[in-house]
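**Student:** Quick one: structure below, then a few questions.
Each reported figure results from applying straightforward, stated rules to the coordinates on display, with no laboratory input. All values reported here derive from a predicted model rather than from experimental measurement. Cβ placement follows ideal geometry from the backbone for every residue including glycine, while neighbour counts extend to all protein chains displayed.
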Amino acid sequence: MSTYFPSGKGLADGRKWLIVDAKDKTVGRLATEVARMLSGKNNPAWTPFMDMGDHVIVINARHAKFTGTKDDQKVYYRHTLYPGGLRETTVKEMFEKKPEKVIELAVKGMLPKSKLGKAMAKKLKVYADADHRHTAQKPEAIEI
């Protein structure tokens with residue numbers, strides 16, 4: 001008997017385009033499912049050191065929600081690389097300005113911190129509203 005072992009050839013050709021609606025979904029639960037699809041863990045032929053995942057489009061990011069008191073307590077930090085340049089932004093502020101960024105950061109935090117994780121993150125497309133520009137790829141809707 002032999003075991004099936006996928007080669008790296010033709011992985012990009014077999015990728016599907018999936019579309020996920022974030023309307024009234026909790027951000028963390030949505031991000032875990034999207035990260036699984038990007039990494040390919042829902043694929044029976046998943047291999048840890050290969051990018052087996054599909055392209056994922058998340059729409060209606062503006063209508064996702066946080067539970068509890070995360071609106072006021074969760075803070076994003078960034079540094080300007082100048083002395084005293086630590087900047088902080090709450091989720092509420094970030095959601096008003098860039099709702100796509102909130103979903104992206106949640107998903108990227110659940111992917112591997114390596115070249116493989118960066119390749120997986122490139123397959124994520126997030127849009128604040130229902131319209132997107134990937135209709136030519138014929139994405140199939142996935143319910144989470």
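**Student:** Roughly how tilted is helix 27-39, in degrees to the nearest 10 and between 0 and 90, from the longest Cα axis of the chain?
**Tutor:** Result, in degrees: 30.
**Student:** Another question, if that's okay. Would you please name the trypsin sites (Lys or Arg not before Pro) within the range 81-140 that are DSSP coil residues with at most 14 other C-beta atoms within 10 Å of their C-beta?
**Tutor:** For trypsin sites (Lys or Arg not before Pro) across the range 81-140 that sit outside H, G, I, E and B with at most 14 neighbouring Cβ atoms in 10 Å, the list reads K113, K122, R133.
**Student:** In terms of modelled amide H atoms, which long-range or inter-chain residues lie less than 5 Å from the amide H of V126?
**Tutor:** Those lying under 5 Å, H to H, from V126 are V58.
**Student:** Please tell me which of these pairs span more than 24 angstrom C-alpha to C-alpha: K65/K113; K16/K97; K23/K97; K74/K97; K65/K118; K97/K138?
**Tutor:** Numbers: K65/K113 26 Å; K16/K97 31 Å; K23/K97 18 Å; K74/K97 16 Å; K65/K118 26 Å; K97/K138 29 Å.
Listed pairs above 24 Å: K65/K113; K16/K97; K65/K118; K97/K138.
**Student:** Report the extension gain between H134 and T90 in nm, rounded to one decimal, defined as 0.36 nm multiplied by the number of residues separating them, less their alpha carbon distance.
**Tutor:** On the way: separation 44, 0.36 × 44 = 15.84 nm, distance 3.08 nm.
Additional length available on full extension: 12.8 nm.
**Student:** How much length is gained if the chain between T26 and K122 is pulled fully straight, taking 0.36 nm per residue apart and subtracting their Cα-Cα distance, in nm to one decimal?
**Tutor:** Stretched out fully, the T26 to K122 stretch lengthens by 32.3 nm.
**Student:** What list of ³J(HN,Hα) couplings, whole Hz, do you get for the range 122-133 from phi and the Karplus terms 6.51, -1.76, 1.60, once you set θ to phi - 60° and write x for glycine and proline?
**Tutor:** 5, 8, 9, 10, 10, 10, 6, 10, 6, 8, 9, 10
**Student:** Taking Cα atoms, how many degrees apart are the long axis of helix 99-108 and the longest axis of the chain, rounded to 10 and kept between 0 and 90?
**Tutor:** Orientation of helix 99-108: about 50 degrees from the principal axis.
**Student:** What's the Cα-based Rg to Rh of the range 2-77, Rh via Kirkwood?
**Tutor:** Values: Rg = 16.1 Å, Rh = 14.5 Å.
Radius of gyration relative to Kirkwood radius: 1.11.
**Student:** Give a residue-ordered list of calculated ³J(HN,Hα) values for the range 5-17 (Karplus: 6.51 cos²θ - 1.76 cosθ + 1.60, θ = phi - 60°; whole Hz; x for Gly, Pro).
**Tutor:** Rounded to whole hertz, the list is 10, x, 8, x, 7, x, 5, 5, 6, x, 6, 9, 10.
**Student:** What are the residues whose amide H is under 5 Å from the amide H of K74, where those residues sit 5 or more places off or on another chain and H is modelled from the backbone?
**Tutor:** V91
**Student:** Please express the shape of the chain as an equivalent ellipsoid: the semi-axes are the square roots of 5 times the eigenvalues of the C-alpha gyration tensor, given largest first in whole angstrom.
**Tutor:** On the way: eigenvalues 180, 72, 37 Å².
With the √(5λ) rule applied to the chain, the semi-axes are 30, 19, 14 Å.
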